[in-house]
Amino acid sequence: MYSRSQWYMVLEGDYFEGSDEAHFWLNGYVNKQNCRIWSEANPQVYVETPLHPEKLTVWCALWAGAIIGPYFFKNDEGRNVTVNGDQYRAMITNFSIPELNNHDVQELWFQQDGATCHTARATIDLLKDTFGDRIISRFGPVNWPPRSCDLTPLDYFLWGYVKIGLHPSQPWQSYARNHI
């Protein structure tokens, strides 16, 4: 495990890439676990939602030099899918790595959370082939410290910011895809 000073050295460099997915429910539902709305008065409001509403899963990576993405997870027929290891590795291989190659980046640190598709052995092996030991991930060379707001700017800022900007009064699926 890295010491605090070693973490600061990684985080202070320009080459730290944080990555993550977010779900955008097409019925307008917002997951309040990662998106908080503050008010001085209790609005006494509740929202009923279906058990398994259709959702759009979006991946993005953020580093000092650029934002990589968004990437929309779809199957061959263009339908929204829940991400599995094969789909995640295909995105890394066919989208993320080519996008990074468009930038002059040699010593990038890649960060991801502990989702199952991220930590599958085949995924970690693919990332090691690309980033060497510069991986911050559960089961990676550098273990990902969960709930660390300085390592997950997408969860603690970007996804909430994007979701606030979406308006459920629009035809949701096309509106979300065009505005993310």
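Bear in mind these aren't lab numbers, they're just calculated from the coordinates by the rules spelled out. Keep in mind that this is a model prediction, so the values were computed, not measured. Positions of Cβ are backbone-derived with ideal geometry, glycine not excepted, and every protein chain shown enters the neighbour counts.
Using the average count of surrounding beta-carbon atoms within 10 Å as a protection proxy, the listed peptides 86-95, 72-81 rank, highest first, as 86-95, 72-81. Checking the a/c ratio against 1.5 first, then a/b against b/c, what shape does the Cα gyration tensor give for region 78-150? Oblate is the answer for region 78-150, as a/c is 1.5 or above yet b/c matches or exceeds a/b.
Annotation: extensible slack from TYR156 through GLU40 equals 39.6 nm (criterion: 0.36 nm per residue apart, minus Cα-Cα distance). Sequentially through region 110-124, phi angles give Karplus couplings (6.51, -1.76, 1.60; θ = phi - 60°) of 9, 10, 8, 7, x, 4, 4, 5, 6, 9, 4, 3, 5, 5, 4 Hz, Gly and Pro residues having no value and appearing as x.
Debye-formula intensities of region 59-100, expressed as log10 I(q)/I(0) at q = 0.23, 0.29 Å⁻¹, are -0.79, -1.08 (one equal scatterer per alpha-carbon, no solvent). Between VAL105 and GLU77, the FRET efficiency from the beta-carbon distance, with R0 = 41 Å, is close to 0.75. Counting 0.36 nm for each residue step from HIS52 to ILE164 and taking away their Cα separation leaves a gain of 38.2 nm.
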